[in-house]
Amino acid sequence: MPTLELPWYRYPIVWLVIAIPALTVPAGLTTVWVAMRGADVVVTDDYRTDGLAINHDPVRDAAARSLGVHATLTVTGTTVRVALREGRATVPERLVLVLSHATRATDDREMRLPRTGERTFAAELGPITAGHWYLELAPPDRAWRLTGQFREPPRGLELAPRRGP
């Protein structure tokens with residue numbers, strides 16, 4: 001009895017051998033596109049030093065405590081306003097506000113807030129993305145600082161000197 005020879009494309013194993021590489025190429029290209037679109041920021045060599053400097057600065061915190069500096073930060077629309085309260089610190093002509101996003105360094109920004117009144121400061125903030133934000137408020141000479149954090153744009157965030165370690 002003669003065996004019937006089928007053409008090559010009638011064997012399922014042939015299609016399995018062809019399908020695996022054919023599907024791997026688009027999957028690999030998709031992976032490269034996703035990786036490039038959401039690429040992480042390169043970590044610097046002295047990341048530990050940078051991290052310690054951001055999170056713990058007892059000298060500037062102690063200076064703010066000794067001067068009794070306090071502030072209220074509000075965001076209205078795209079404007080940020082700061083009102084300095086109390087304290088024996090001389091009121092500078094402007095303040096420096098550093099906003100750091102907890103997970104996206106590309107959203108971080110440093111702003112100069114000019115004085116708009118006796119103890120008030122304001123500047124255009126622009127839109128901010130959702131997420132967890134850390135902030136640092138200091139005079140231009142960085143003699144003292146106030147820190148805080150928020151998840152929603154603050155309507156009245158109280159900034160006080162950080163307590164000791």
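Bear in mind that the values in this text are calculations on the coordinates, not laboratory data. This structure is a prediction, so every number in the text was calculated from the model and none was measured. Here the Cβ positions follow ideal geometry from the backbone for every residue, glycine too, while neighbour counts run over all protein chains shown.
Some values worked out for this structure:
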| read-out | value |
| --- | --- |
| Phi to ³J(HN,Hα) by Karplus 6.51 cos²θ - 1.76 cosθ + 1.60 over segment 10-19, Hz, x for Gly, Pro | 8, 9, x, 5, 5, 5, 5, 5, 6, 5 |
| Length released on extending from Leu6 to Thr76, taking residue separation times 0.36 nm less the Cα-Cα span | 17.7 nm |
| For peptides 113-124, 142-153, sequence by mean Cβ density within 10 Å, most packed first | 142-153, 113-124 |
| Over the chain: helical MRE at 222 nm, DSSP H runs n ≥ 4 each giving -39500 (n - 2.57), nearest 500 | -9000 deg cm²/dmol |
| Options [x] 112; [y] 188; [z] 100 - which one matches volume of the Cα convex hull per residue in Å³ as calculated here | [y] |
| Of Val98, Val80, Val25, the one that fluctuates the most in a GNM where the chain has Cα springs shorter than 10 Å | Val25 |
